[in-house]
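Participant: The structure that follows is given in the form of structure tokens.
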């Protein structure tokens, strides 16, 4: 249902630092949240921001994982949340590195239009999880009737 943590974390760390590296090389940050910090402290602040981002992802994984297990009644909640974060960040890096430079699609002036593009794969993943969960429940009910 989800990637194991020992696979997800290294990939997510790689993607976060890949994102920081691409921004460092181009010396151009389009994210409205980070741009003021880069203008004030310089482009090398990206490495600190990458670490802050990873700490934030860790907290989101812990809190979101607890929520998924308690409310969603799904096992391995942290792995599900981590897989979702990985899907979003991989989609974003694909957009940032390949789609935007080559096609100039969703240029920085339309930055907020990227959110539906980032959410679509996670919504598909969530629907797949729900389908898988319902299939398991039906299988359990079927075996109980027998």
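Participant: Looking at this structure, is residue 17 assigned to a helix (DSSP H, G or I), in contact (Cβ under 8 Å) with a residue 24 or more places away in the chain, out of contact with any strand residue (DSSP E or B) (no Cβ under 6 Å at 6 or more places or on another chain) and under 26 Å from residue 129 (Cβ atoms)?
Facilitator: Numbers: assigned to a helix (DSSP H, G or I): yes; in contact (Cβ under 8 Å) with a residue 24 or more places away in the chain: yes; out of contact with any strand residue (DSSP E or B) (no Cβ under 6 Å at 6 or more places or on another chain): yes; under 26 Å from residue 129 (Cβ atoms): no.
Answer is no for this residue.
Participant: Somewhere in the range 54-73, is a residue over 30 Å from residue 24 (Cα atoms), modelled with pLDDT under 90 and either surrounded by fewer than 11 Cβ atoms within 10 Å (Cβ to Cβ) or in contact with a helix residue (DSSP H, G or I) (Cβ under 7 Å, 6 or more places away or on another chain) (or both)?
Facilitator: Yes, that holds for at least one residue.
Participant: Could you check residue 22 against (1) assigned to a loop (DSSP other than H, G, I, E, B); (2) over 17 Å from the mean Cα position of the chain (by Cα) and say which number it fails?
Facilitator: (1)
Participant: Which pairs turn up if I take residues in the range 22-43 that are exposed (fewer than 15 other Cβ atoms within 10 Å of the Cβ) and look for partners that are at pLDDT 80 or above with beta carbon separation below 7 Å, at least 6 apart in sequence or on another chain?
Facilitator: 27/43
Participant: Would you call residue 58 in a helix (DSSP H, G or I) and either in contact with a strand residue (DSSP E or B) (Cβ under 6 Å, 6 or more places away or on another chain) or within 23 Å of residue 11 (Cα to Cα) (or both)?
Facilitator: In short, yes.
Participant: Kindly indicate which of 49, 85, 37 is outside any loop (DSSP other than H, G, I, E, B), in contact with a helix residue (DSSP H, G or I) (Cβ under 6 Å, 6 or more places away or on another chain) and under 19 Å from residue 15 (Cα atoms).
Facilitator: Values: 49 fails: in contact with a helix residue (DSSP H, G or I) (Cβ under 6 Å, 6 or more places away or on another chain); 37 fails: under 19 Å from residue 15 (Cα atoms).
Exactly one residue qualifies, and that residue is 85.
The values are calculated or read from the model by the stated rules, or taken from the named source; none is laboratory data. Only a predicted model underlies this, so the values are computations on that prediction, with no experimental measurement involved. Reconstructed Cβ throughout: ideal geometry from the backbone, glycine too, with neighbour counts over all protein chains shown.
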